[in-house]
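What follows draws every value from the coordinates through simple rules; no lab data is involved. The structure displayed is predicted, hence computed values, not measured ones. Neighbour counts run over all protein chains shown; Cβ positions are idealised from the backbone, glycine included.
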Amino acid sequence: MTQDNPDLGEKALSKVAEVGISSQLDEAENIDVDIRTDPGKLLQGQVDSVEISGKGLVMKQDLRVETLEVSTSKVAINPLSAVLGNIELTRPTDAEAQIVLTESDLNRAFNSDYIQSKMQGLEMQMEGKPVTVDVQQAVINLPGNNQFVIAADFRLRERGEVKKLSATAIPKIEENGHRISLEILSAEGQGLTTELVTAIFEQLTNLLDLRNFNIPGISLRIRQLDAQKAKLVIQAATQIEQIPSA
């Protein structure tokens, strides 16, 4: 039904979708799916709208999303499957999505074992000599004005020295909206090299590959992004080929 109170069929399908999406995540504080239609349309395989909202969703590489909102208009589904309590799309549907990541979310992922392993044993030139660098700690700050600031401590293995660097960058949309790159505006530090700054930002941009956010059957493409104070807001076009089942 399209009024404010969903009927039992809508509730059942919504619950199936919630369970299916939750099964594809490592963790979820909350997932809510609201499917709206009426019994007559449902028998014809028509759904008026689907809205998905989530909070505290943990995806691969320990990437946590503070909030995720996805909304569609009409969706075509297999009516027989719907009667049996399943959701099977008969054709892909377009939707709009908004993803919000906080500074804490970014730092959690950036300092995860997976990303940290990528920042150990970096080989480069420093003062004309080959060195091996281990990034010991990196902190991401979002000060607003569409900027990223990274402060990092790194260790030179050969010298046993620990040095610091900081760099500021602005995010840009690349690869047809699938990836966020970071353009370095400024950098400063001890024993700083372009290679080192680039290596650190490369791992951050790998983390911000939007394909890391994809739930099976649901793909995202960035339309707009805004690095606000303490949070990153991503607006994306979404294509839903299938709503995951448990």
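Between Ile184 and Glu51, residue separation times 0.36 nm minus the direct Cα-Cα distance comes to 44.2 nm. Bridgeable lysines around Lys229 (alpha carbons under 22 Å apart, same-chain partners fewer than 8 residues away excluded): Lys55, Lys172. Averaging the Cα positions of each part gives two centres, and for segment 102-151 and segment 167-229 these lie 12 Å apart.
Simple rule: put +1 on each Lys or Arg Cβ and -1 on each Asp or Glu Cβ in the chain, find the dipole, and look at Ile77, Gly45, Leu101; the Cα lying farthest toward the positive end is Leu101.
Counting only lysines at least 8 places from Lys164 when in the same chain, those with an alpha carbon closer than 23 Å to its own are Lys118, Lys129.
Over the chain, DSSP H runs of length four or greater, each weighted -39,500 (n - 2.57), average out per residue to a 222 nm ellipticity of -6000 deg cm²/dmol.
The magnitude of the dipole of segment 107-207, with charges of +1 and -1 set on the Cβ of Lys/Arg and Asp/Glu and taken from the Cα centre, is near 200 debye. Axis angle, to the nearest 10 degrees, between helix 194-207 and the longest C-alpha principal axis of the chain: 10 degrees. Simple rule: put +1 on each Lys or Arg Cβ and -1 on each Asp or Glu Cβ in segment 107-207, find the dipole, and look at Asn111, Thr194, Ser166; the Cα lying farthest toward the positive end is Asn111. Each residue in Arg64, Arg159 was given a count of other beta-carbon atoms within 10 angstrom of its own, and listing them fewest first yields Arg159, Arg64. Listed by chain and number, the lysines whose alpha-carbon sits under 18 Å from that of Lys41, ignoring those within fewer than 8 places in the same chain, are Lys11, Lys74. Rounded to the nearest 0.05, the FRET efficiency derived from the C-beta distance between Thr90 and Arg211 at R0 = 35 Å is 0.90.
For the pair Gln242 and Glu69, label points projected 7 Å from Cα toward Cβ lie 2.9 nm apart.
With a 10 Å Cβ neighbour count serving as the proxy for reagent exposure, in which order, fewest first, do Ile115, Ile243 appear?
Ile115, Ile243
Between helix 8-23 and the chain there is an angle of about 20 degrees, using the helix long axis and the longest principal axis of the Cα atoms.
Pairs of Cα atoms nearer than 8 Å and 6+ residues apart set the relative contact order; for segment 107-207 it is 22 percent.
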